[in-house]
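Taking it in order: structure first as structure tokens, then the write-up.
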Amino acid sequence: MKILQPPNWTEPRGYANGTMAEMQPGSRLIFVGGQIGWNAQQQFETDNLAEQVGQTLRNIVDVLKEGGAGPEHITRMTWYVVDKQEYTSQLREIGQHYRATIGRNFPAMTAIEVAALIEDRARVEIEVTAVVPPAA
């Protein structure tokens, strides 16, 4: 197993941003730990949910890149939101961020409303599984 850590990011404490495991020769599974809407220095630039989703998705792509993968390799996403009303009211803006960052890849997804996230300012947390074939 290899830990995936973008080089310009602040080191996490007690967890990994992502890990990668080799499967059959050349193919890999990538697990991206729950990413939130802060930047590489672990600072929030906004409290707006849709904008945090955009940053969260960019964070996911950064971690995938460290494993030689891209958004097209995502096979599963789990979204944790602190307010489902806020989420549903901003679906259009969230969709715009999704298409701009992930493109037209539509993996299996789950969205769950939670009472809170560990970081108080976080409005969303997303975890991802990606499968990278040998040719990628």
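Nothing in this text is a laboratory measurement; each read-out follows from the coordinates by a stated rule. All values reported here derive from a predicted model rather than from experimental measurement. Ideal geometry is used to build each Cβ from the backbone, glycine not excepted, and the neighbour counts take in all protein chains shown.
Between the listed residues Gly103, Ala116, Val81, the Cα displaced farthest toward the positive end of the dipole of the chain, a dipole computed from Cβ unit charges relative to the Cα centre, is found at Gly103. May I ask for the angle, rounded to the nearest 10°, between helix 91-101 and the longest principal axis of the chain, with both axes built from Cα atoms and the value confined to 0 to 90°? Compared with the principal axis, the helix lies near 30 degrees. Extension gain, Glu86 to Glu113: 0.36 nm times the residue separation minus the Cα-Cα distance gives 8.7 nm. For the chain, the longest principal axis of the Cα atoms and the long axis of helix 49-66 meet at an angle of about 10 degrees. Along the Cα-to-C-beta direction of Thr46, a point sits 7 Å from the Cα; which residues of the stretch 90-107 have their amide N less than 14 Å from that point? From the stretch 90-107, the list is 90-101.
When each of the peptides 95-105, 43-53 is scored by how many other beta carbons lie within 10 Å of its residues on average, the order from highest to lowest is 43-53, 95-105. Rounded to the nearest 500, the helix-only mean residue ellipticity at 222 nm of the chain stands at -8000 deg cm²/dmol, with each DSSP H run of n ≥ 4 adding -39,500 (n - 2.57).
Based on Cβ point charges of +1 for Lys and Arg and -1 for Asp and Glu, what charge dipole magnitude is obtained for the chain about its Cα centre, in debye rounded to the nearest 20?
Details: 12 positive and 16 negative charges, 91 e Å.
Computed charge dipole of the chain: roughly 440 debye.
The GluC sites (Glu not before Pro) of the stretch 53-136 meeting both criteria, a DSSP state outside H, G, I, E and B (loop) and at most 15 other C-beta atoms within 10 angstrom of the site's C-beta, are Glu119.
Does a label point 7 Å from the Cα of Arg99, set along Cα-to-beta-carbon, have any residues of the stretch 35-64 with amide nitrogen under 17 Å, and which are they? Counting backbone N atoms under 17 Å from the label point, the list is 50-51, 54. Taking amide H as placed 1.01 Å from N in the peptide plane, Gly18 has its amide H under 5 Å from the amide H of Leu4, Gly33, each at least 5 places away in sequence or on another chain.
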